[in-house]
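Asker: Sharing a structure, written as structure tokens. Questions coming.
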């Protein structure tokens with residue numbers, strides 16, 4: 001049996017082809033890459049929780065820099081613990097496949113929102129928010145009910161969903177949801193957003209109309 005499973009194929013191949021020299025080089029590169037990725041994701045996740053979620057959504061902007069820094073540090077620890085737990089749970093899963101699932105979940109929530117908000121004047125905040133959440137929840141639920149989690153992690157005999165990758169279903173569903181909830185949004189804010197589409201499009205692509213930098 002291959003020590004470490006399929007995730008260690010490249011490492012064993014390096015040892016077989018180049019001996020300890022190539023093995024050590026590959027191990028060093030792998031370690032540096034892991035540290036860089038983990039550091040970047042930790043910073044991005046902590047910033048999103050402390051600034052976007054806590055500051056703008058929960059506290060409504062009424063928060064000091066010290067409070068945001070404290071929330072950011074706590075978020076970093078919480079994300080680290082969660083990552084370690086998930087790493088233990090999915091220890092025997094193929095890393096490349098898990099990365100594909102992560103991209104599929106992200107694409108189900110982010111990609112439709114980005115495409116329609118940039119290219120379609122009828123897209124509203126309500127439609128983008130609801131559609132993005134529908135894509136996210138659909139993709140996450142599909143992965144949990146697939147063989148990757150339902151069988152390999154939870155130990156059930158048969159998966160509920162027929163295939164593990166949710167993108168083929170969740171991404172179109174997110175597009176349709178954004179479209180539907182946008183065209184049914186008849187609020188005053190929706191009309192203002194549609195009317196401002198051309199001006200915002202020009203400003204985002206050229207920078208015209210931007211007076212000065214603002215703190216975020």
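Asker: Please list, ordered by first then second residue, the pairs with beta carbon atoms under 9 Å, 6 or more apart or interchain, first in the range 103-123 and in the same structural domain as residue 140 (by TED's automatic domain parsing), second part of a loop (DSSP other than H, G, I, E, B) and surrounded by fewer than 18 Cβ atoms within 10 Å (Cβ to Cβ).
Answerer: The qualifying pairs are 116/122.
Asker: Look at residue 149 and say whether it is assigned to a helix (DSSP H, G or I), without any contact (Cβ under 8 Å) to a residue 12 or more places away in the chain and assigned by TED's automatic domain parsing to the domain that holds residue 172.
Answerer: Criteria met by residue 149.
Asker: While we're looking at this one, here's another question. Which number in (1) surrounded by fewer than 19 Cβ atoms within 10 Å (Cβ to Cβ); (2) in a helix (DSSP H, G or I); (3) free of Cβ contacts under 8 Å to residues at least 60 places away in the same chain marks the one condition that residue 179 misses?
Answerer: In the conditions (1) surrounded by fewer than 19 Cβ atoms within 10 Å (Cβ to Cβ); (2) in a helix (DSSP H, G or I); (3) free of Cβ contacts under 8 Å to residues at least 60 places away in the same chain, residue 179 misses (3) alone.
Yes/no matrix, rows are residues, columns are (1) surrounded by 12 or more Cβ atoms within 10 Å (Cβ to Cβ); (2) touching a strand residue (DSSP E or B) at 6+ places or on another chain (Cβ under 9 Å); (3) free of Cβ contacts under 8 Å to residues at least 12 places away in the same chain; (4) not assigned by TED's automatic domain parsing to the domain that holds residue 76:
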| residue | (1), (2), (3), (4) |
| --- | --- |
| 4 | no, no, yes, no |
| 22 | yes, no, yes, no |
| 27 | yes, no, no, no |
| 31 | no, no, yes, no |
| 37 | no, no, yes, no |
| 42 | yes, no, no, no |
| 48 | yes, no, yes, no |
| 54 | yes, no, no, no |
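The values are calculated or read from the model by the stated rules, or taken from the named source; none is laboratory data. Just so you know, these numbers come straight off a predicted model, no measurement behind them. Every residue, glycine as well, gets a Cβ built from its backbone with ideal geometry; the counts of neighbours run over all protein chains shown.
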